[in-house]
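J.: Let me begin by handing over the structure; questions about it come next.
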Amino acid sequence: MKLIQSRDNAFFKQLKRLAESGRERRKTGQTLLDGVHLVEAYEKAFGPLENLIVAESALAGGEIAAYLEGRQPVVLADALMRDLGLVDTPSGLLAVAPMPQQTAAIDLGNDAVLLDGVQDPGNVGTLLRTAAASGVKQVLLAPGCASAWSPKVLRAGQGAHFVLVIHEEADLAAFMADYRGTTAVTCLDGATSLYEARWTGPLAWVFGAEGLGVRRELIEAAKLRIKIPMPGAVESLNVGAAAAVCLFEALRRRLG
């Protein structure tokens, strides 16, 4: 196995660019996956990955060493793995992965999640994971959202990306105007309780930016304005928590 210990190494510099630059990821069509679970999920969906990178200490034993048995990863000194800055606590395993090409068209007749200006990578990844877990198949991200294929969003999504149809830089207003189901937005003004609201057919949820919420034009375009009852001593929920409440209430009704 090749051991890299220098920050001047060309391969390490390429990893650093992929970790930090959305432009580099778009130019190369590649991103970084962090952790055994995420790498396994990618390989299950798209086949084996050639470029695996492991922290030197992770070769001593455990889950990562077992996963790499029979494979030939590049070994990074632990300090270099930390320097990539993907997460606060690196798992010890990375992979350079081609970003899947999105070929499916936007579906105006099925359930969807629409994200408006959600900038925190952890929130975007959590929202993708929650959408996938609740059975929603497509997610549209407006300009200004964190990049869906950034390493931090991928880490938070934990494989959700590979079972979703994801459309970035989407025109949410145009989608809502043409949508053949019910569009619903979480807000307070003129909103109906989630547990009293009525809808039929496909449902597209719009969730907004941290702090700012959904843009006014999208609120006005939505057919339903929904609020989550909160009798406790708090005024709001994190966007990921709010989405989970709404999506799983919708699932409960479908199953019921």
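The values are calculated or read from the model by the stated rules, or taken from the named source; none is laboratory data. Keep in mind that this is a model prediction, so the values were computed, not measured. When we count neighbours, we look across all protein chains shown, and the Cβ atoms used for this are built from the backbone with ideal geometry, even at glycine. Side chains included, ligands, DNA and RNA excluded: accessible areas come from the protein's heavy atoms. Shrake-Rupley method; radii C 1.70, N 1.55, O 1.52, S 1.80 Å.
J.: Given a 1.4 Å probe and every protein chain left where it sits, what share in percent of the accessible area of segment 60-119 is carbon and sulfur?
T.: 48 percent
J.: Here's a follow-up. Can you check what the net charge comes to around GLU249, using other residues whose Cβ is under 14 Å from the Cβ of GLU249 (Lys, Arg +1; Asp, Glu -1)?
T.: Charge balance in the 14 Å sphere: +3.
J.: Around LEU76, which amide H atoms from residues at least 5 apart in sequence, or from another chain, sit under 5 Å from its own amide H, with H modelled in the peptide plane?
T.: The answer is ILE4, VAL54, ALA55, GLU56.
J.: Please work out how much length the chain gains when fully extended from SER193 to GLN72, using 0.36 nm per residue of separation minus the C-alpha to C-alpha distance, in nm with one decimal.
T.: Answer, rounded to one decimal: 38.1 nm.
J.: Could you work out the helix-only [θ] at 222 nm for the chain, with each DSSP H run of four or more residues adding -39,500 (n - 2.57) and the total divided by the number of residues, to the nearest 500 deg cm²/dmol? It would help to have the intermediate numbers written out before the result.
T.: Values: 10 runs with 90 residues, N = 256.
Roughly -10000 deg cm²/dmol at 222 nm, from the helical runs in the chain.
J.: Right, something else. Can you give the FRET efficiency to the nearest 0.05 for ALA177 and GLU20, using r as the Cβ-Cβ distance and R₀ = 35 Å?
T.: The calculated FRET efficiency here is 0.40.
J.: Would you mind getting the accessible area per residue of the chain, heavy atoms of the protein chains only, 1.4 Å probe, in Å²?
T.: Per residue, the chain has an accessible area of 49 Å².
J.: Is any residue of segment 167-182 close enough, with backbone N under 17 Å, to a label point placed 7 angstrom from the Cα of ALA104 along the Cα-Cβ axis, and if so, which?
T.: Output list for this probe position: 167-170, 180-181.
J.: A further question follows. Under the Karplus relation 6.51 cos²θ - 1.76 cosθ + 1.60, θ = phi - 60°, what is the ordered set of whole-Hz ³J(HN,Hα) values for segment 69-86, x standing for Gly and Pro?
T.: Values, residue by residue: 4, x, 10, 10, x, 7, 9, 9, 4, 3, 4, 5, 4, 5, 5, 5, x, 5 Hz.
J.: Using modelled amide H (1.01 Å from N, peptide plane; none on Pro or chain starts), what sits under 5 Å from the amide H of THR192, excluding residues fewer than 5 places away?
T.: ARG225, ILE226, LYS227
J.: Ignoring the sites themselves, what is the longest stretch of the chain with no chymotrypsin sites (Phe, Trp or Tyr not before Pro) in a DSSP loop and at most 16 other beta-carbon atoms within 10 Å?
T.: The longest such stretch corresponds to 1-194.
J.: To continue, here is another question. Using the Karplus curve 6.51 cos²θ - 1.76 cosθ + 1.60 with θ = phi - 60°, work out ³J(HN,Hα) for each residue of segment 183-189 in order, rounded to whole Hz, and write x for Gly and Pro.
T.: In residue order, the calculated couplings are 9, 10, 10, 8, 7, 10, 5 Hz.
J.: If I take every Cα pair under 8 Å that is 6 or more residues apart in the chain, average their sequence separation and divide by the length, what percent do I get for the relative contact order?
T.: Relative contact order for the chain comes out at 19 percent.
J.: Now a separate question. Starting from the 7 Å offset along Cα-to-Cβ, what nm value, one decimal, do you get for the label separation of MET230 and PHE11?
T.: Output for this residue pair reads 4.8 nm.
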